[in-house]
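Chemist: Pasting a structure below so you can have a look.
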Amino acid sequence: MELKSPDFRKREDKLSGWLDGEVKTFLFDSFSDDYCTRTGMEFLRGVDIPIKPGDLAAFHGEGGLPVTDLADNMALVIGANTQFRYRDAYISYLALYFNEKLVDVLAQKGAEELKAQHYRKSCIYFRAALLLDSQSREAMFGYACCCREWYLSLEGEDEQELIAILKKEASEYFEHVTRVYPDYAPAYYFLGYAYINGGQYKKAELVWKKFLELSKDADPEREEIKEIRERVASLADPVKIEEGVNLLTAGHLEDGLRILERYVGTEYDSWWPLHYYLASAYRELGFFEESIEGFKRVLALQPSHEESCECLAELFAADGDADNAEKYRRKAEIIRKNRE
């Protein structure tokens, strides 16, 4: 069975709101009915055609605008908003005048804009290419790389919603590349980092091992190969911790505790989720003191952790300690209001 990437035309477009600004200066006009009939382009009858303000006179002139200019404008519009009302008409126009190499041209433009750190425009060109061919390796990989570089550029800025969307898009399309083109090593390199960012250490270990396998004939001293070899070696403990967490969440409390408890007091002791999962397991097992200590440890490392406050309030309430129960209920409420 041939593996395919999802049809880009059918995907929900969560990025259009952040890309529309790139095409907001376009004016829209239309071809005359007579022109559409003479040229056999009935599908463009009554369709708004995007034109740059300075090209409006040329569009109505005797020679008209070059096909390449119109094609670029259309690509930008549908790349900015993949659900644009005239998208399919634009795609029909592009198919009429250009062959399949247009996808490569758009992907190349995306790569050039990415190199110049024009992330929005780069994203638009890659998306336009994917609308024409959802299976293009260059378009898929380029789109994933663009989303990754864009969200990395936003670190420290108050753009959490956009960052979350870009991270999801990057991970999804690196995954699509590895499924559709399983021998393409660069996708595994970046996918490993996407998994690390999501706390999926076992997945990161597996895809990085695949990257090394695919790179076995390359120079072993190549920088990225050395880098990933070191990364894989450093994942032994995080992978084990992830195993312990998975056991706890699956209800195998004793087995999960046996793994996680050995990391208390180690270099991972400052990782608040370790203490949160331990405290949650102790609570389920009825170990009151241990769970109280664990949730307090979480708050010492992550003072705004609302769930730990709520757990402490419930534990103290069950123990009949009304003062501490109210203290942590109030703290949870303050955290919630601050977040909102």
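The values are calculated or read from the model by the stated rules, or taken from the named source; none is laboratory data. The model shown is predicted, which means the values in this text are computed figures rather than measured ones. Methodologically, a virtual Cβ is constructed for each residue, glycine included, from the backbone with ideal geometry; neighbour enumeration extends over all protein chains shown.
Chemist: Find all pairs meeting these conditions: Cβ atoms under 9 angstrom apart; at least six residues apart or on different chains; first residue within the stretch 327-340 and at negative phi and surrounded by fewer than 10 Cβ atoms within 10 Å (Cβ to Cβ); second residue in a helix (DSSP H, G or I) and of a type in the set (D, E, K, R).
Modeler: Cβ pairs passing all conditions: Arg339/Glu306.
Chemist: Of these, Leu114, Leu70, Leu94, Leu76, which one is in contact with a Ser or Thr (Cβ under 6 Å, 6 or more places away or on another chain), aliphatic (A, V, I, L, M), farther than 16 Å from Ser136 by Cα and surrounded by 20 or more Cβ atoms within 10 Å (Cβ to Cβ)?
Modeler: Of Leu114, Leu70, Leu94, Leu76, the one residue that is in contact with a Ser or Thr (Cβ under 6 Å, 6 or more places away or on another chain), aliphatic (A, V, I, L, M), farther than 16 Å from Ser136 by Cα and surrounded by 20 or more Cβ atoms within 10 Å (Cβ to Cβ) is Leu114.
Chemist: For residues that are in a helix (DSSP H, G or I) and over 24 Å from Ile124 (Cα atoms), tally how many sit in the stretch 44-76.
Modeler: Final tally of qualifying residues: 3.
Chemist: For the stretch 77-119, which positions are under 23 Å from Thr25 (Cα atoms), part of a helix (DSSP H, G or I) and of a type in the set (Val, Ile, Thr)?
Modeler: Val77, Ile78, Ile91
Chemist: Would you mind telling me which numbered condition in (1) at pLDDT below 95; (2) in a helix (DSSP H, G or I) Glu155 fails?
Modeler: Glu155 satisfies all of (1) at pLDDT below 95; (2) in a helix (DSSP H, G or I) except (2).
Chemist: Another question about this same structure. Of these, Gln160, Gln135, Gln83, which one is under 21 Å from the mean Cα position of the chain (by Cα), at negative phi, loosely packed, with under 14 Cβ neighbours inside 10 Å and modelled with pLDDT of 95 or more?
Modeler: Gln83
Chemist: Moving on to the next point. Give all pairs with beta carbons closer than 7 Å in which a residue from the stretch 301-325 that is surrounded by 14 or more Cβ atoms within 10 Å (Cβ to Cβ) meets a residue that is part of a loop (DSSP other than H, G, I, E, B); count only pairs at least 6 apart in sequence or on separate chains.
Modeler: From residues that are surrounded by 14 or more Cβ atoms within 10 Å (Cβ to Cβ), the pairs are Leu301/Ser270.
Chemist: If you check Ser304, Ser291, Ser308, which single one turns out to be part of a loop (DSSP other than H, G, I, E, B) and in the same structural domain as Leu248 (by TED's automatic domain parsing)?
Modeler: Ser304
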